[in-house]
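Heads up, the thing below is written out as structure tokens.
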């Protein structure tokens with residue numbers, strides 16, 4: 001299959017792994033930002049093809065994992081209302097809130113629809129005028145343009161029964177926070193190819209200048225990831241720090257200007273709480289004041305009011321450390337024991353981009369007693 | 001039976017000409033009788049059913065009796081490559097075939113939600129009858145119930161089946177041995193993607209047709225060629241990954257499969273790549289795995305490949321001794337030569353965000 005097979009070519013993978021081994025001379029710590037890359041690394045065992053000098057750290061790029069628990073609790077509260085239909089990406093449905101998840105609400109009769117494209121919500125709002133359609137708008141820069149388009153189309157159609165819980169996050173502030181932390185160990189980044197397809201990589205040039213850390217925009221297949229690592233290691237060994245683009249078949253420097261324009265039209269930057277990490281300035285998107293009537297949290301403020309007090313994270317869950325790259329999933333004491341995909345303590349165990357789910361699914365825990 | 005005189009008082013019984021199924025069609029009265037006479041009996045026509053006895057009396061001959069039952073719930077009722085009716089025949093025939101049984105007779109239970117169009121019911125019953133005729137296995141008894149609107153999902157079908165396992169045939173997970181080759185009867189994932197794309201209107205998936213098909217003929221042919229089949233398992237909801245995990249647990253063995261040898265069509269792969277699904281866990285309704293001794297594997301493959309339903313059969317791996325750790329039951333050698341585990345699917349596969 002085109003665009004897949006050539007990037008999963010065993011011979012090319014071996015050639016790249018050899019080139020990395022021949023290039024590396026010093027120990028380097030590299031973070032892959034995106035959870036999709038984490039899954040590819042664990043699924044294909046790419047980290048095991050690397051020389052011991054290279055240590056891969058899994059980054060916070062799992063949109064489901066970093067969505068704040070308060071947003072999930074709000075979605076759960078709204079989905080439980082009899083006149084509300086909640087539209088969500090499938091990935092969010094199993095993520096635990098304070099006390100429940102969206103699949104639990106669905107099982108009790110909540111009207112929750114898995115959407116493949118946010119524009120499906122537009123049709124629902126038009127065909128079910130007596131119901132309130134609430135879209136759980138999560139994701140990085142990848143999904144933001146589609147949600148912006150939804151708002152603009154809803155505005156154009158004059159829909160008054162559609163609103164969004166906006167919990168969008170942006171990658172560059174997260175990289176900045178990691179680099180600015182006194183505990184930072186990351187010396188180079190594999191940036192997320194899909195995010196850069198939309199945003200380009202101009203934003204990363206500023207980060208590289210400030211922190212003198214190389215960044216390689218990288219794709220998601222084994223050949224992509226190993227080539228991205230090779231491009232990083234070459235820079236690191238040469239003492240250089242630039243933004244390079246491995247994923248040139250999809251990404252250019254400017255990105256998708258049309259998509260960016262949509263996002264800029266509808267959203268503005270704001271502080272955002274990242275689950276497990278904390279609040280990062282300018283790391284989120286919120287509706288501009290002229291679109292505030294599409295904000296579900298405002299529209300349903302009365303129904304949501306008492307929920308703020310109920311927010312709590314499970315204390316046994318170390319997903320914050322995992323998301324910051326400070327703990328590998330299998331090093332967590334709850335991993336595969338008290339925390340499994342069937343009984344998750346935290347979001348990274350259930351998301352298809354979560355690091356804990358990747359380790360559980362593809363890599364046996366070292367202790368045989370760890371699993372049921 | 002003569003037509004009763006028309007009601008003179010206000011009568012809740014709907015008109016028999018109604019084009020939708022009403023509660024009264026399941027009430028056990030005249031409309032139930034009419035539905036049986038008009039829809040089911042002509043479609044499933046056979047002498048045993050026509051006797052309209054409380055039970056079917058069958059002469060089955062020698063051998064051990066295999067007996068299975070399965071319920072079918074699918075939305076939409078009709079999808080590319082099949083419908084709930086053909087599925088209900090193929091699924092139960094396949095369950096019998098997986099025991100090494102020659103299927104002999106099926107029963108069919110219908111739970112119909114009030115409001116289903118009679119035309120839709122007739123279409124599904126016709127498809128079911130056609131599927132049963134194609135495999136030459138009669139539907140010899142059945143039942144119909146109608147539930148209130150909103151209490152069902154249009155139509156549920158339960159089929160049970162009986163078959164005869166010839167003497168000397170022993171096909172069971174307990175016979176799986178280290179060294180056995182694992183054969184897969186064809187490419188995986190078609191049914192799941194066909195249903196998903198017709199449910200969600202995913203036009204990018206193209207017209208991927210379900211693989212729904214009966215497998216008893218290929219099983220009988222493999223056995224007829226003297227191949228000592230140790231175990232068979234049809235791949236249904238949980239896909240190949242879950243089926244192998246179940247068998248590895250039952251047989252207390254581990255298995256190593258080779259990703260490069262697992263056939264997946266480009267259309268299914270493409271849909272899975274876009275949605276973030278793993279074809280190993282996508283549903284199938286006309287595929288099975290066969291465990292055969294290594295010396296029989298080439299012959300088994302050549303027999304399988306003579307049948308259109310299994311023309312893409314492949315040798316995908318080997319059975320090994322019990323795993324060192326319980327979760328390393330099924331190991332996949334990836335396309336790039338590395339190894340990973342294949343776990344049970346947890347819950348449903350959910351499409352990813354980006």
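Quick look at the numbers
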item	result
Computed over chain A, Cα set: Rg, Dmax in Å	20.8, 65
Region B:23-165: antiparallel DSSP beta bridges as a percent of all, rounded to 5	70
Beta bridge orientation in the protein assembly as shown: antiparallel %, DSSP, nearest 5	50
DSSP bridge pairs, chain A: antiparallel proportion in percent, nearest 5	20
222 nm mean residue ellipticity, helices alone, for the protein assembly as shown (DSSP H n ≥ 4; -39,500 (n - 2.57); rounded to 500)	-9500 deg cm²/dmol
Distant alpha-carbon pairs in region A:321-362 (separation over 17 angstrom), percent	13
For chain B, average projected area of the Cα convex hull in nm²	20.3
Contour excess over end-to-end distance, with Cα ends at residue A:258 and residue A:18 and 0.36 nm allotted per residue	82.4 nm
Mean separation of Cα contacts under 8 Å (6+ apart) over length of region A:1-155, as relative contact order %	18
Stokes-Einstein translational diffusion, region A:69-149 - Kirkwood Rh over all Cα pairs, 1.306 mPa s, 10 °C, in µm²/s	124
Ranked packing of A:45-52, A:247-254, most packed first, by mean Cβ within 10 Å	A:45-52, A:247-254
Relative contact order of chain A, pairs being alpha-carbon contacts under 8 Å that are 6 or more residues apart, as %	23
Proxy reagent accessibility, fewest Cβ within 10 Å first, across B:30, B:329	B:30, B:329
Descending Cα extents along the principal axes, region B:93-221, whole Å	52, 41, 26
For chain A, built as a Gaussian network whose Cα springs stay under 10 Å, the top-fluctuating residue of A:156, A:18, A:212	A:156
Region B:23-165 - percent relative contact order, Cα under 8 Å, separation 6 or more	39
Inter-chain Cβ neighbour average for residues A:345-354, partner chain, 10 Å	2
Residues residue B:348 and residue A:126, FRET efficiency given R0 of 30 Å [Cβ-Cβ distance, rounded to 0.05]	0.60
Cβ-based exposure ranking for A:143, A:127, A:23, in which fewest neighbours within 10 Å come first	A:127, A:23, A:143
With Cα atoms, 0 to 90° folded angle of helix A:222-238 axis to chain A main axis	60
Three principal axis lengths of the protein assembly as shown [C-alpha, angstrom, descending]	91, 72, 42
19 Å reach of a label modelled at residue A:293, 7 Å along Cα-to-Cβ, counting backbone N of region A:233-276	A:265-268
In degrees, nearest ten, helix B:84-97 long axis to first principal axis of chain B (Cα)	50
D_trans [Stokes-Einstein, Kirkwood Rh over alpha-carbon pairs] for region B:23-165, 20 °C, 1.002 mPa s, µm² s⁻¹	139
Sequence ranges A:188-196, A:264-272, ranked by mean other-Cβ count within 10 angstrom, highest first	A:188-196, A:264-272
FRET efficiency, residue B:65 to residue B:295 (Cβ-Cβ, R0 25 Å, nearest 0.05)	0.20
Against the rule of thumb 2.2 N^0.38 Å, how large the Cα Rg of region B:173-341 comes out	1.01
Shielding by partners, peptide A:84-92 (average Cβ within 10 angstrom, other chains)	3
Exposure proxy order (Cβ contacts within 10 Å, fewest to most) of B:207, A:221	B:207, A:221
Tilt relative to chain A, helix A:202-211 - C-alpha long axis, 0 to 90 degrees, to 10	60
For residues of A:39-50, the mean tally of beta carbons on other chains within 10 Å	3
R0 of 30 Å, Cβ-Cβ distance residue B:177-residue B:220: FRET efficiency to nearest 0.05	0.85
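Throughout, read-outs are computed from the coordinates displayed, never taken from laboratory work. Note that the structure is predicted; figures quoted are calculated from it, not measured. Don't worry about glycine lacking a Cβ; one is built from the backbone with ideal geometry, like all the others, and counts go over all protein chains shown.
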